[in-house]
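Report on the following structure.
The values are calculated or read from the model by the stated rules, or taken from the named source; none is laboratory data. Since this is a predicted model, take the numbers as computed values, not measurements. Because the Cβ atoms are built from the backbone with ideal geometry, glycine has one as well, and the counts that use them run over all protein chains shown.
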Amino acid sequence: MRGNNIMGIIFANLHENLISELTEVRIMGAVPFGGKYRLIDFPLSNMVNSGINKVGVITKSNYQSIMDHVGNGKAWDLSRKQGGLFILPPFTDKSEYSNRMTTLNSILPFLRNSTQEYVVISDCDTVCNIDYQDVCRKHLANNADITLVYKRDVLPEKLHDPAILSFDSRSKVIDVLIKKDVSGACSYYMNMMFIKRELLIELVDNCISRNTLNFKRDIIQGKYKELNIYGYEFKGFSPMITSITDYFNANMALMDPEVRADLFNSDNPIYTKVRDDMPTKYGLGSKVKNSLIANGCNIEGEVENCILFKGVHIGKNTKVSNCVIMQDTKIGADGNLSYVIVDKDVTFKNERTIVGYVSRPVYISKGSVV
C-alpha cells in the first residue's frame with residue numbers, strides 16, 4: 001500500500017503528569033532525549049520513513065517549544081503543498097482535550113477533511129524505530145478493522161491504564177484487561193494503532209453521543225468482540241517513558257551499541273531539527289569514557305557514562321558520571337555530579353556536589369543556578 005494513503009496522528013500532550021518534572025515548561029513530545037533529539041522525533045520519523053506524508057500533531061498547552069522544534073516540518077520532508085505537517089492546538093476550551101476520546105472529537109473536522117483511507121495513531125512516550133508499512137501489511141492480510149501494536153514484556157511500573165491483550169493463534173484479540181495487576185511478562189498495548197479513517201470517525205462519534213469517553217475501555221475493550229481487532233508484536237528497543245526513572249534508564253540504554261544500532265537504523269533514520277555548532281572541544285586534562293557527546297561542548301573535566309547535549313561546559317577537575325545533561329548547561333570547576341538529570345540552561349557554581357541513585361536520579365530544573 002502507498003504511504004500517501006495513510007495519515008498520521010501524534011498525541012504530543014498525553015501522560016505529562018507521569019514526568020511532571022520534565023513537562024512543567026514543555027509538552028511530552030518536546031522532552032529532549034539522547035543528546036540531540038526530542039521525543040516527538042521518533043513517531044514523526046517512523047511515519048515519514050513509512051511513506052506517510054500527512055501528519056497531525058495534537059497539542060494542548062505549553063506547545064511553544066514543540067512548534068519551535070518541528071516548525072513547518074522541513075527536517076522531516078513535511079513542508080509541502082499537498083499533505084505535510086499540521087499542528088492541532090486547542091481550538092476551543094482546553095477541557096475538551098482532557099482525554100484521548102474528547103481530543104479526537106475535537107479534531108474530527110481535520111479527520112473528515114482528509115482523504116487518506118487509513119490512520120496511524122501514536123503517542124510520544126515510546127522511543128522506538130518501527131516500520132508502519134509492515135503494520136499495514138499485517139493489517140490488510142488479516143482483513144482487520146483495527147491493528148494494535150503491542151509489546152511482550154514486563155509492564156512499565158507507572159503505565160497509565162495498561163491494556164493487557166490476549167490473542168488466538170492468528171493474533172486476533174480475544175480478551176482485553178484494563179489496569180490489571182500482573183506479574184511477569186504480558187502483552188500490553190503500546191498506544192499505537194492502525195485503523196480506517198472512516199471507522200475511527202464513526203467510533204468516536206458514537207462514543208461521544210453516548211458519553212462513553214474512555215478510549216481503551218469503550219473502543220478497545222468494548223468493541224473487540226464486534227470488530228476484527230488484531231495485534232502486531234513489536235520486538236525492538238521500545239522503552240515507554242512513564243516516570244523520571246524510565247526517562248533516565250532509556251537514555252542510559254543508549255550506551256549499548258546494539259541498542260543504538262536498533263534505534264538509529266541507517267535504513268530508517270531518526271530525523272530532528274538541526275542546530276549547527278562547532279565540534280566539541282576537549283581540554284588537555286579532560287577524560288571521556290563511554291559517553292555520547294553532542295557538538296558544541298567544552299570539556300575540561302572528566303565525563304563517564306553520560307549523555308551531553310549541545311553547548312554543555314564541564315569545568316576543570318569536575319567529574320560527571322551517569323548523568324543526562326541538556327543543552328547549554330555550564331558546570332563549574334572542582335564539582336562532582338552522579339546520577340543527575342540536568343535540564344537546559346542550568347548553571348553550576350564551582351565545587352558543587354550532587355549525587356543521586358540509579359533508582360532515583362536527581363533532577364535539576366531548567367534555568368536553575370546551583
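Scoring residue 6 on the criteria (1) closer than 17 Å to residue 130 by Cα; (2) touching a Phe, Trp or Tyr at 6+ places or on another chain (Cβ under 6 Å); (3) modelled with pLDDT under 90 leaves a single failure, condition (3). Of everything in the range 262-297, what is of a type outside the set (Val, Ile, Thr) and in contact with a His (Cβ under 9 Å, 6 or more places away or on another chain)? Give them in sequence order. Once the filter is applied, which keeps residues that are of a type outside the set (Val, Ile, Thr) and in contact with a His (Cβ under 9 Å, 6 or more places away or on another chain), the range 262-297 yields 273, 297.
Residues are listed down the side, and each one gets a yes or a no for (1) crowded, with 16+ Cβ neighbours inside 10 Å; (2) within 19 Å of residue 235 (Cβ to Cβ); (3) at pLDDT 95 or above:
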site: 134; (1), (2), (3): no, yes, yes
site: 141; (1), (2), (3): no, yes, yes
site: 145; (1), (2), (3): yes, no, yes
site: 149; (1), (2), (3): yes, yes, yes
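Condition first: of a type in the set (D, E, K, R), in contact (Cβ under 8 Å) with a residue 40 or more places away in the chain and surrounded by fewer than 16 Cβ atoms within 10 Å (Cβ to Cβ). Can you find one or more residues in the range 56-72 that meet it? The answer is no, given that none of the residues of the range 56-72 is of a type in the set (D, E, K, R), in contact (Cβ under 8 Å) with a residue 40 or more places away in the chain and surrounded by fewer than 16 Cβ atoms within 10 Å (Cβ to Cβ). Across the range 114-125, a minimum of one residue is classified as in contact (Cβ under 8 Å) with a residue 40 or more places away in the chain and surrounded by fewer than 18 Cβ atoms within 10 Å (Cβ to Cβ). Within the range 234-246, residues that are buried (at least 18 other Cβ atoms within 10 Å of the Cβ) and among the hydrophobic types (A, V, I, L, M, F, W, C) reach partners that are modelled with pLDDT of 95 or more and part of a loop (DSSP other than H, G, I, E, B) with beta carbons closer than 6 Å, at six or more positions or on different chains, in the pairs 234/130.
For the range 184-227, what are the residues that are closer than 20 Å to residue 133 by Cβ, not basic (Lys, Arg) and not in a helix (DSSP H, G or I)? Matches in the range 184-227: 190, 191, 192, 193, 194, 195. Residues in the range 168-195 that are surrounded by fewer than 17 Cβ atoms within 10 Å (Cβ to Cβ) and not hydroxyl-bearing (Ser, Thr, Tyr): 13 in all.
Checking the stated criteria, residue 316 turns out not to satisfy the condition of being buried (at least 18 other Cβ atoms within 10 Å of the Cβ) and of a type in the set (Lys, Arg).
Against the numbered list (1) of a type in the set (A, V, I, L, M, F, W, C); (2) without any contact (Cβ under 8 Å) to a residue 24 or more places away in the chain; (3) closer than 25 Å to residue 33 by Cβ, residue 141 comes up short only at (3).
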